[in-house]
Amino acid sequence: MDKKHLPLIFMDKVSIRLWDRIVFNEISWSIHSDQFWAVCGKTGSGKTVLARALCGEFPFVSGEVVYNFKESTNPYLADEPQARIGYVGFDMNRQMKPDQNRFVQSRYWSNDESLSVRDYLSRERVYEINPFQIIKNQPGEISSYRKRQKELLQLFQIEDLMDREIDMLSNGECRKVAMVHQLLKDPVLLILDNPFQGLDLRYRDLLSNSIIPSLISQGITCMLITADKTEVPQNVTHLLEIDSFKSIFCGPFEHTSAKVKMNALPPSSSKKRNTAESIASLFSERSEDHRDVLVRMSHVNVKSGRKFILKDVNWTIRKGEHWAVTGPNGSGKTTLLSLILGDHPQMYANDIEVFGVHWGQGSNIWSIKKRIGWMAPELQVCYPLETCGQNVVLSGYYDSIGLFCKPSKQKRCKVEDLFDAFGISELKEVSLGSMSEGNQRLLLLLRAIVKGPELLILDEPCQGLPPDSRQQVISIVDTLAYQCSTAIVFVTHQPDELPSCINRKLTLG
């Protein structure tokens with residue numbers, strides 16, 4: 001067969017080693033350069049494992065895998081074919097923000113200047129050039145790199161981020177920069193794992209209908225991984241559907257019912273008993289505060305360098321109010337939440353009261369945090385990956401990143417009841433790093449509610465979740481609002497993710 005008609009990647013009866021077990025027993029799959037694949041499946045089905053195996057992160061232990069990639073002329077790139085695959089997933093946030101792996105507030109409290117986007121996208125960092133290695137540059141190679149960098153910055157519309165510090169980027173802005181970083185390595189195949197996570201509606205549309213088609217027209221083969229079929233762009237040509245580490249459909253997209261139905265994978269909620277009782281039991285010992293105002297901000301300003309992140313913000317959260325907080329990427333939503341949580345140093349320079357306590361007047365931050373439940377992408381980035389699922393949830397009692405003290409038998413029993421109620425008992429002893437992103441997010445949600453908070457702050461809790469899991473999160477929030485009198489602050493870019501309890505809205509921008 002002519003080489004140009006060979007598949008880019010050919011897999012025949014392949015199995016993959018995932019830690020201590022074998023998955024995808026004898027899966028076969030061919031990816032051609034003119035195909036745009038979507039890989040779909042519910043949370044924990046194995047989508048990301050398969051993608052990372054293609055990138056060389058998990059070993060193939062049987063069968064045949066052939067990469068028919070054109071050799072790169074770039075002397076700085078590795079010879080292995082896996083080096084020609086670009087992969088962008090949530091784990092990129094950990095790599096981009098290593099300081100936040102130490103503690104979640106580091107982005108605000110560090111006195112050191114962190115790496116800028118310009119440095120991160122420099123030729124030296126993208127190619128991981130050893131300054132002591134002498135390699136003769138190809139004629140015009142440096143100017144060619146700068147031209148390509150400029151083209152991608154314009155395509156992704158991130159020229160204005162170049163002088164920003166990586167640590168100060170929002171979740172969505174990190175995703176944009178990570179995609180450009182991978183494309184600068186000149187990949188043959190670009191794998192986008194849940195690429196719409198953290199992106200506002202305008203940019204989702206731009207990525208789906210402009211950026212990806214442009215990359216395909218440049219000869220880059222694209223693959224999209226998602227738990228939600230409704231996110232599949234209309235120009236996808238082929239679909240691989242996965243369930244429990246098995247292929248249940250593999251073929252042309254137009255020949256499946258996905259385009260017609262575009263609905264969720266079968267929900268697993270039928271196996272789960274009603275969770276409302278378990279959730280309500282967490283609040284049985286909560287002492288009631290008769291204070292009407294929970295949070296008050298007056299003329300709040302937050303600056304980074306010379307730039308205002310928040311300017312003259314006035315906001316009051318009262319009992320019985322459930323807020324949606326919206327706004328484009330970089331509008332200051334996460335910064336606003338950090339002022340309530342006591343995580344931002346500029347809280348002391350502003351007029352802010354939380355549960356009647358004014359920041360800066362000798363207040364005990366931890367006594368305030370005890371009354372607030374919180375979940376955010378930043379927490380997922382910095383949480384130790386070796387922590388088992390049960391300890392992740394137990395740490396919510398102590399507002400710690402990791403479990404450092406022995407919980408009471410009563411606390412352990414309540415957490416076990418939660419795992420049973422949500423049908424995830426199998427995750428109790430599994431390390432966070434061995435779980436799917438969706439399961440990690442569900443555990444961090446349970447961590448946020450386990451202590452029965454008076455105020456629950458959720459920063460994009462549904463991103464990357466399939467419709468059935470998203471509905472489960474929304475149901476939990478509604479139960480807390482209606483039955484447990486918990487005030488809600490819910491950050492999202494997607495209006496259809498908002499729980500029915502939401503009765504107030506704050507838009508930044």
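Throughout, read-outs are computed from the coordinates displayed, never taken from laboratory work. Just so you know, these numbers come straight off a predicted model, no measurement behind them. Counting neighbours? That spans all protein chains shown, and the Cβs are built from the backbone with ideal geometry, glycine included.
Annotations
- Rounded D (µm²/s) - the chain, Kirkwood Rh over Cα pairs, Stokes-Einstein at 4 °C, 1.567 mPa s: 53
- Antiparallel DSSP beta bridges within the chain, as percent of all bridges there, nearest 5: 50
- Measuring between their Cα centroids, the stretch 451-471 and the stretch 364-427 lie 15 Å from each other.
- Net lengthening on full extension, His299/Gln483 (0.36 nm per residue, minus Cα-Cα): 62.9 nm
- Spatial extent of the stretch 3-263: Rg and Dmax, with the Cα atoms as the point set, Å: 18.9, 57
- Neighbour-count ranking [beta-carbon atoms within 10 angstrom, fewest first] of Leu456, Leu153, Leu282: Leu153, Leu282, Leu456
- Spin-label pair Lys311/His5, simplified geometry with 7 Å Cα→Cβ offset, distance in nm: 6.1
- Kirkwood-based Rg to Rh ratio, the stretch 270-507, C-alpha trace: 0.95
- For Asn329, distant residues with modelled amide H under 5 Å away: Asp200
- Figure legend: label point modelled 7 angstrom from the Cα of Ser30 along Cα→Cβ; residues of the stretch 44-80 with amide N under 16 Å from it are 64-69.
- Which of Met162, Met297 has the fewest Cβ neighbours within 10 Å, and the rest in rising order: Met162, Met297
- Centre separation in Å (Cα based) which lies between the stretch 1-65 and the stretch 147-200: 25
- Label separation (Lys409 vs Arg291): 3.6 nm, computed from points 7 Å beyond Cα along the C-beta direction.
- Stokes-Einstein D for the stretch 391-506, Kirkwood Rh over Cα pairs, 10 °C, 1.306 mPa s (µm²/s): 107
- Computed over the chain, the per-residue total of -39500 (n - 2.57) for DSSP H runs of n ≥ 4 gives a 222 nm mean residue ellipticity of -7500 deg cm²/dmol, rounded to 500.
- Relative contact order for the chain: 18 percent, from Cα pairs under 8 Å spaced at least 6 residues apart, divided by residue count.
- Of Lys47/Lys70; Lys150/Lys311; Lys370/Lys411; Lys333/Lys505; Lys319/Lys428; Lys42/Lys428, those spanning more than 24 Å from alpha-carbon to alpha-carbon: Lys47/Lys70; Lys150/Lys311; Lys319/Lys428
- With the convex hull constructed from alpha-carbon coordinates only, the stretch 1-96 shows a mean projected area of 7.8 nm² over all directions.
- Extended-chain gain in nm, criterion 0.36 nm per residue less alpha-carbon gap, Ile142 and Thr507: 127.1 nm
- In sequence order, calculated HN-Hα J values of the stretch 17-32 (Karplus, 6.51, -1.76, 1.60; Hz; x Gly/Pro): 8, 10, 6, 10, 9, 9, 10, 6, 5, 6, 8, 10, 6, 10, 10, 9
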